[in-house]
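The values are calculated or read from the model by the stated rules, or taken from the named source; none is laboratory data. Keep in mind that this is a model prediction, so the values were computed, not measured. Neighbour counts are summed over all protein chains in view; Cβ atoms, including those assigned to glycine, are modelled from backbone coordinates with ideal geometry.
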Amino acid sequence: MGKFPAQGLARAGSVDKSCPRLAQHPATGRIATVNTRPLGNTGRSVSEIGLGTWQLGSGWGEVTDAEAGETLRAAYDSGVTFFDTADVYGNGRSESLIGAFLRDTPGARERIFVATKLGRREWPHGFTREHVRRFTDDSLRRLGLDALDLTQLHCVPTEVLKRGELFGWLEELKTEGKLLAYGASVESMEEATFCVRHGGVAALQIIFNIFRQKPITTLFAEAQAARVGLIVRLPLASGLLAGKLTKQTAFAIGDHRVFNRDGQCFNVGETFAGLPFEKGVELADALKAQVPAGVGMAAWALRWCLDFPAVTTVIPGARNAAQACANVLAATLPPLGTETHAGLARFYAEEVAAHIRGPY
């Protein structure tokens, strides 16, 4: 991987000239800052807007090394301190890109909390102690770290998760100093509740957005009581909640919104939050009238997620620097308010919930 330029670094919560549009939100007039929240029982706080990097590895169309570097740089310069990746994203490419960024950017390792995952490589046979140890060593090498900040089980089958062996092997690695904390990225609230009650889990990664509201009543209170951090993936439902997709939108062949639209390759919930694409577009269109003038729908949808104290960080993806900067705009918005939340809860219950497919 090539070097990433180190000039123009900004302190956490500040805005670098590489993201000039973030200096002041056009509607609210607020200066952009990224607040931090404690991540479970890790003793670390991370930016409430993080960066998901699936798209830097694969699955969202082609992203060049240069574009990936610019995306990481823009997020970092905007105050983002939480990067989420996985060993399977581009068969290690995403981890390697982050590793290069950490190596070539002075001060980045001290500020950036890196969460990676294991469990999807060599599917469905990669669930032995030997696999877990090898996958961990591979991630350490690609990221250039002595210890992983957080390793997450990556949507492993429910029956494998419930055997509990994986947690024991992760605990061994934690004792050995190869990782500082562990958790799980889960598909369903059944899996999430099991992990919270298992003990030792520092954080859970869940699908949560305006179209997937079940965690509010089934998970949030228990996770908070157990001091388990919650990392929100798919906050924009694969782009639906950015409000720019139409039923005619075409995606690249290598984009999961093509090859997994109906769950052909992995859990359907990972694509469009489990909604049929056409229905998802209709539902997103129905919400547009609720978005305040001058506020982008994506920032509005991210702000909705942040209004829940149980949420630690939200990890929208970004394929370029402009998208990374735009994601941080959610931090400039005030809470949406009781009336808006009540209306969106009714919308979910009456219009959305019946259309969700896959484990939930």
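For the range 321-355, a residue qualifies if it is buried (at least 16 other Cβ atoms within 10 Å of the Cβ) and within 20 Å of the chain's Cα centre (by Cα), and the qualifying residues are ALA321, GLN323, ALA324, CYS325, ALA326, ASN327, VAL328, LEU329, ALA330, ALA331, THR332, LEU333. Of the residues making up the range 71-83, one or more are within 21 Å of LEU234 (Cβ to Cβ), touching a helix residue (DSSP H, G or I) at 6+ places or on another chain (Cβ under 9 Å) and assigned to a strand (DSSP E or B).
Run VAL268 past the list (1) farther than 29 Å from THR36 by Cα; (2) touching a Leu at 6+ places or on another chain (Cβ under 7 Å) and report the number of the one that doesn't hold. Evaluating VAL268 over (1) farther than 29 Å from THR36 by Cα; (2) touching a Leu at 6+ places or on another chain (Cβ under 7 Å) leaves (2) as the failure.
When the residues of the range 139-157 are filtered to those that are part of a loop (DSSP other than H, G, I, E, B) and crowded, with 19+ Cβ neighbours inside 10 Å, the one that is nearest to the chain's Cα centre (by Cα) is CYS155. Look through the range 43-70, keep the residues that are in a strand (DSSP E or B) and touching a residue at least 24 places away in the same chain (Cβ under 8 Å), and return whichever of them is surrounded by the fewest Cβ atoms within 10 Å (Cβ to Cβ). Taking the candidates together, the pick is TRP60. It is to be established whether one or more residues within the range 273-286 are among the aromatic types (Phe, Trp, Tyr) and in contact with a Pro (Cβ under 9 Å, 6 or more places away or on another chain). Checked against the condition, which is being among the aromatic types (Phe, Trp, Tyr) and in contact with a Pro (Cβ under 9 Å, 6 or more places away or on another chain), the range 273-286 yields no hits at all.
When the range 158-186 is limited to residues that are buried (at least 22 other Cβ atoms within 10 Å of the Cβ) and either assigned to a loop (DSSP other than H, G, I, E, B) or small (Gly, Ala, Ser) (or both), the one that is farthest from the chain's Cα centre (by Cα) turns out to be ALA181.
The set of residues in the range 188-245 being among the hydroxyl-bearing types (Ser, Thr, Tyr) and either free of Cβ contacts under 8 Å to residues at least 12 places away in the same chain or surrounded by fewer than 22 Cβ atoms within 10 Å (Cβ to Cβ) (or both) consists of SER188, THR193, THR217, THR218.
If you check VAL314 against the conditions, is it within 25 Å of LEU72 (Cβ to Cβ) and modelled with pLDDT of 95 or more? Taking the combined requirement at face value, the residue satisfies it. Restricting ALA326, ALA342, ALA330, ALA353 to those that are assigned to a helix (DSSP H, G or I), hydrophobic (A, V, I, L, M, F, W, C) and closer than 20 Å to ALA192 by Cβ reduces the list to ALA353. Inside the range 238-250, can you point out the residues that are assigned to a loop (DSSP other than H, G, I, E, B) and aliphatic (A, V, I, L, M)? Matches in the range 238-250: LEU245, ALA250. Here LEU204 meets each of (1) farther than 29 Å from ALA299 by Cβ; (2) outside any helix (DSSP H, G or I) with one exception, condition (1). With respect to ALA100, is the statement that it is in contact (Cβ under 8 Å) with a residue 60 or more places away in the chain, surrounded by fewer than 24 Cβ atoms within 10 Å (Cβ to Cβ) and not charged (D, E, K, R) true? In short, yes.
When each of ALA203, ALA147, ALA184 is tested for being under 28 Å from ALA100 (Cα atoms), modelled with pLDDT of 95 or more, touching an Asp or Glu at 6+ places or on another chain (Cβ under 8 Å) and not acidic (Asp, Glu), the lone residue that passes is ALA184. Of the numbered criteria (1) in a strand (DSSP E or B); (2) surrounded by fewer than 15 Cβ atoms within 10 Å (Cβ to Cβ), the one PRO124 fails is (1).
Filter the range 283-320 down to the residues that are within 15 Å of ALA242 (Cβ to Cβ) and among the charged types (D, E, K, R), then identify the one that is surrounded by the fewest Cβ atoms within 10 Å (Cβ to Cβ). Here the residue is LYS288. If you go through the range 205-257 and pick out every residue that is in contact with a Cys (Cβ under 6 Å, 6 or more places away or on another chain) and farther than 23 Å from LEU287 by Cα, you end up with 0. Within the range 251-272, residues that are in a helix (DSSP H, G or I) and surrounded by fewer than 21 Cβ atoms within 10 Å (Cβ to Cβ) sit with their Cβ atoms under 8 Å from residues that are of a type in the set (Ser, Thr, Tyr) and modelled with pLDDT of 95 or more, at 6+ positions apart or across chains, in these pairs: ARG257/SER238; ARG257/THR271.
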